[in-house]
Amino acid sequence: MYDFIDGHKDLKGLLGGKGANLAEMTRMGLDVPAEAFEAERAGFGEGELDAARLRDLVQSYQKVFQTHTGRPFPQAQVIAAQLVEEGVITRDEALRRVTGEQLAQLMLPSFDEQATPPPLTTGVPASPGAAVGAVVFDSAAAPAATEPVILVRRETNPDDLPGMIAAAGILTARGGKTSHAAVVARGMGRTCVCGADQVEIGTDSCTVAGHRLRAGDVISIDGANGRVYAGAVPVRPSKVVRFSEGEIMPCGNALLRAVQQLMAHADQVARLEVHANADTGADAARARRFGATGIGLCRLPLQQADFEQLFAAMDGLPVTIRLIDPPLHGGDPASVRFFHDAGLDHVSCSPFRVPVARLEAGRAAVTGSDTR
């Protein structure tokens, strides 16, 4: 079977069996039926992953099988694209299975698990990513900080927006995945942990499970699992981003190889081109490394030298510059789908979202207009 976390194909568990019932059998001194493991090996050796096929297999061996619905992690879903190589699914089907937001999660930094201390507390994982910074309790203080900060609040409201924009991450004692902090953080791509109810916040300090934190103390928050750590935990840059930047090759890495194959097929079938919103030469250069085929929007009245950097970075590719224009955002799946269905020729987004928009453009080309 394919693991829901890392996507690798393997048989898991206790003699091929897994679960509370089997654990109870072993406590009673009963052996796990050998035919269960042999049936698993025979059934799953066919290379099928599709949920319907799994149910058929369970019905065939219903005396020894039990099934539960699981939700694949993004990495597992992407690596599952290796089923194309095994002839189980088509490239179009692989593209339909992986969403742009799943790719976006794989582009976020993460903590080094080998160097992660026990957490102070755990809240609701509201917006993925890994953030390290000094604690600030006042939203007005965050924009003035010269080092990365973590904004710590009981809960946030629109008045906190300047501090949320300036912060590397957001931690709140109240709220959940639909709270103001969570929704705004996800929209901005900020790491956020909400509902950490063990955090008791005062004027210039807070207490977390008996551990006192003052303004300026460094903490680390993990938006993927909701954990909060004291001190600075080492952060690992995303391998997907490093691959997109051309820093590493996919050799021997199943995830990067799957991303490479998915993106290549998405570019092949997509009708929409993906342009980037870029105001500097550095933005334009990164957008091109990420696969942008042009500049869709340059919103500031740049000086001549900045324009020259834009043109040099794109090396003859089209550049559209608008001196007066309202802010636009076209990298989310709904916008890409709308642009595709409307018959437009390109969609524009921030440089970092270019790979996500490329994948969604490919998905729009192989998926019906009623599917999101």
> Could you say which residue among 106, 151, 95 is modelled with pLDDT of 95 or more and in contact with a helix residue (DSSP H, G or I) (Cβ under 8 Å, 6 or more places away or on another chain)?
Replying inline: 151
> Say we look at region 214-224 and pick out the residues that are surrounded by 14 or more Cβ atoms within 10 Å (Cβ to Cβ) and touching a Ser or Thr at 6+ places or on another chain (Cβ under 9 Å); which of these is farthest from residue 153 (Cα to Cα)?
Replying inline: 224
> If you take the residues in region 201-213 that are farther than 22 Å from residue 161 by Cα and not hydrophobic (A, V, I, L, M, F, W, C), which one is surrounded by the fewest Cβ atoms within 10 Å (Cβ to Cβ)?
Replying inline: 210
>> Considering only residues that are in a strand (DSSP E or B) and either of a type outside the set (A, V, I, L, M, F, W, C) or at pLDDT below 95 (or both), which ones fall in region 131-148?
In response: 133
> Would you say residue 181 is within 17 Å of residue 117 (Cβ to Cβ), in contact (Cβ under 8 Å) with a residue 24 or more places away in the chain and of a type in the set (Gly, Ala, Ser)?
Replying inline: no
> Under 7 Å by Cβ, and 6 or more places apart or on different chains, what pairs join a residue from region 207-221 that is free of Cβ contacts under 8 Å to residues at least 40 places away in the same chain with one that is acidic (Asp, Glu) and not in a loop (DSSP other than H, G, I, E, B)?
Replying inline: 207/200
> Quick check: is even one residue across region 302-313 at positive phi and either surrounded by 20 or more Cβ atoms within 10 Å (Cβ to Cβ) or not assigned by TED's automatic domain parsing to the domain that holds residue 191 (or both)?
Replying inline: no
> residue 143 fails exactly one of the following numbered conditions: (1) exposed (fewer than 15 other Cβ atoms within 10 Å of the Cβ); (2) closer than 14 Å to residue 165 by Cα; (3) touching a residue at least 40 places away in the same chain (Cβ under 8 Å). What is the number of that condition?
Replying inline: (3)
> If you scan region 150-167, which residues turn out to be closer than 10 Å to residue 192 by Cβ and part of a loop (DSSP other than H, G, I, E, B)?
Replying inline: 156, 167
>> Conditions first: (1) in contact with a Pro (Cβ under 6 Å, 6 or more places away or on another chain); (2) modelled with pLDDT of 80 or more. Residue 363 passes all but one, so which condition is the exception?
In response: (1)
>> Exactly one condition in (1) among the acidic types (Asp, Glu); (2) modelled with pLDDT of 90 or more; (3) crowded, with 16+ Cβ neighbours inside 10 Å is false for residue 245; which is it?
In response: (3)
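To keep it simple, each residue is scored yes or no on (1) modelled with pLDDT of 90 or more; (2) part of a helix (DSSP H, G or I).
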| site | (1), (2) |
| --- | --- |
| 296 | no, no |
| 309 | no, yes |
| 317 | yes, no |
| 322 | no, no |
| 326 | no, no |
| 347 | no, no |
| 355 | yes, yes |
| 359 | yes, yes |
> Exactly one of (1) modelled with pLDDT under 95; (2) in contact with a Ser or Thr (Cβ under 7 Å, 6 or more places away or on another chain); (3) not aromatic (Phe, Trp, Tyr) is unmet by residue 188. Its number?
Replying inline: (2)
> Which of the residues spanning region 258-292 are buried (at least 19 other Cβ atoms within 10 Å of the Cβ) and of a type outside the set (A, V, I, L, M, F, W, C)?
Replying inline: 261, 265, 273, 275, 277, 281, 283, 286, 288
> How many residues are in a helix (DSSP H, G or I) and not charged (D, E, K, R) when one looks only at region 173-195?
Replying inline: 8
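The values are calculated or read from the model by the stated rules, or taken from the named source; none is laboratory data. These numbers were taken from a predicted model, which means no experiment stands behind them. Don't worry about glycine lacking a Cβ; one is built from the backbone with ideal geometry, like all the others, and counts go over all protein chains shown.
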